[in-house]
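What follows is one structure encoded as structure tokens, with my remarks underneath.
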Amino acid sequence: MVEWPEEFKKWVHEKYDKEFLAWARVQTLDDVEFEECKELIFENSKESLGKQGIDISKIKLEWVFMPSPYSLADPLDQSLMVCLKQEVPSNG
């Protein structure tokens, strides 16, 4: 396992905090664990965003799954970013 520099971890946090309402870095999961992970992220973000005055039960949400920056930097890292963001209405 690679020991990541603090600057890299900080960059990841800043990047994902800016782009998403909530996110988590997870290792490869099966479908059941995946759903549990999404539920946990949703519940955690509901509470933390509620403190900021954002009611996510009134927002259209979109799940985004992507390879994590960690796995892009280290082929042995199989982590995935599970992210929650506000759905952008499509024009059309």
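The values are calculated or read from the model by the stated rules, or taken from the named source; none is laboratory data. If you're wondering where the values come from, they're calculated on a predicted model, not measured in any experiment. Don't worry about glycine lacking a Cβ; one is built from the backbone with ideal geometry, like all the others, and counts go over all protein chains shown. What goes into the accessible areas is simple: the full protein's heavy atoms, side chains included, and nothing from ligands, DNA or RNA. Shrake-Rupley method; radii C 1.70, N 1.55, O 1.52, S 1.80 Å.
Brief remarks on what is shown
- Subset of segment 17-28 (residues that are closer than 15 Å to Ser71 by Cα and out of contact with any Ser or Thr (no Cβ under 7 Å at 6 or more places or on another chain)): Ala24, Thr28
- Within segment 1-31, tally of residues that are assigned to a helix (DSSP H, G or I) and open to solvent by 80 Å² or more (accessible area, probe 1.4 Å): 10
- Answer residue from segment 46-65, given it is modelled with pLDDT of 85 or more and touching a helix residue (DSSP H, G or I) at 6+ places or on another chain (Cβ under 7 Å) and is farthest from Tyr16 (Cα to Cα) among those: Lys46
- Complete set of residues in segment 64-89 that are closer than 22 Å to Asp30 by Cβ, open to solvent by 10 Å² or more (accessible area, probe 1.4 Å), in contact (Cβ under 8 Å) with a residue 12 or more places away in the chain and not in a loop (DSSP other than H, G, I, E, B): Val64, Phe65, Met66, Pro67, Tyr70, Leu80
- Listed by first and then second residue, the pairs with beta-carbon distance under 8 Å, at least 6 apart or on different chains, first residue in segment 1-27 and at negative phi and of a type in the set (D, E, K, R), second assigned to a loop (DSSP other than H, G, I, E, B) and surrounded by 11 or more Cβ atoms within 10 Å (Cβ to Cβ), are Arg25/Ser68; Arg25/Ser79.
- The number of residues in segment 32-63 that are open to solvent by 60 Å² or more (accessible area, probe 1.4 Å) and on the phi < 0 side of the Ramachandran plot comes to 18.
- Filtered residues of segment 5-49 (kept if under 17 Å from Glu87 (Cβ atoms) and among the aromatic types (Phe, Trp, Tyr)): Phe20, Trp23, Phe42
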